[in-house]
1. Quick check on residue 50: is it in contact (Cβ under 8 Å) with a residue 24 or more places away in the chain and assigned to a strand (DSSP E or B)?
2. Take the stretch 74-104 and flag every residue that is touching a residue at least 40 places away in the same chain (Cβ under 8 Å) and exposed (fewer than 14 other Cβ atoms within 10 Å of the Cβ).
3. Report yes if residue 93 is part of a strand (DSSP E or B), modelled with pLDDT of 95 or more and touching a Gly at 6+ places or on another chain (Cβ under 8 Å), otherwise no.
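The values are calculated or read from the model by the stated rules, or taken from the named source; none is laboratory data. Everything quoted here is computed from the prediction, not taken from an experiment. Because the Cβ atoms are built from the backbone with ideal geometry, glycine has one as well, and the counts that use them run over all protein chains shown.
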Amino acid sequence: MKMNIKTLAFVGALALVPALTFAQAKTAPKTPAKPAATAPAKPAATHATNGIVKSSDATSLVITKTAKDTKTTAFTLNATTVTKGTIAPGARVSVRYRTEGTTNIATAVTVAGKK
C-alpha cells in the first residue's frame with residue numbers, strides 16, 4: 001500500500017508540473033506586422049567604351065572598335081544623354097553607358113574627332 005501511495009503521489013506531481021507551467025506562461029501581445037522595408041534600388045553600374053561611329057540619329061548610336069571591324073555596339077540616346085561635340089559617321093567617340101536588360105543606354109558621349 002505504501003508503494004501505491006508513493007506511485008500515486010509521483011504521478012500526481014508529474015501531472016501538475018505541465019499544468020502549472022502552461023498556467024504561468026504569458027503570451028506576447030500581438031503587434032501588427034510591419035511591412036517589409038524595401039531596400040533602395042542600387043543605381044545601374046556605369047561602363048565606358050570608345051570606337052568609331054558607324055551611324056547615329058536622335059535616339060541611337062552605333063559604333064565599332066575599328067573602321068574595319070564588323071562587330072558593332074548599339075546605344076540608346078535619350079534626353080538625359082550628355083553629348084560633347086557633333087556625332088557624325090567616322091568620328092571617334094568615347095561613350096559612358098549603363099545596361100538595362102539588354103539595352104545599352106548612353107549617359108555621355110564625347111566626340112574626339114575623325115581619325
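1. Judged against the criteria, residue 50 is a match.
2. 99, 100
3. Values: part of a strand (DSSP E or B): yes; modelled with pLDDT of 95 or more: yes; touching a Gly at 6+ places or on another chain (Cβ under 8 Å): yes.
Spelling it out, residue 93 is indeed part of a strand (DSSP E or B), modelled with pLDDT of 95 or more and touching a Gly at 6+ places or on another chain (Cβ under 8 Å).
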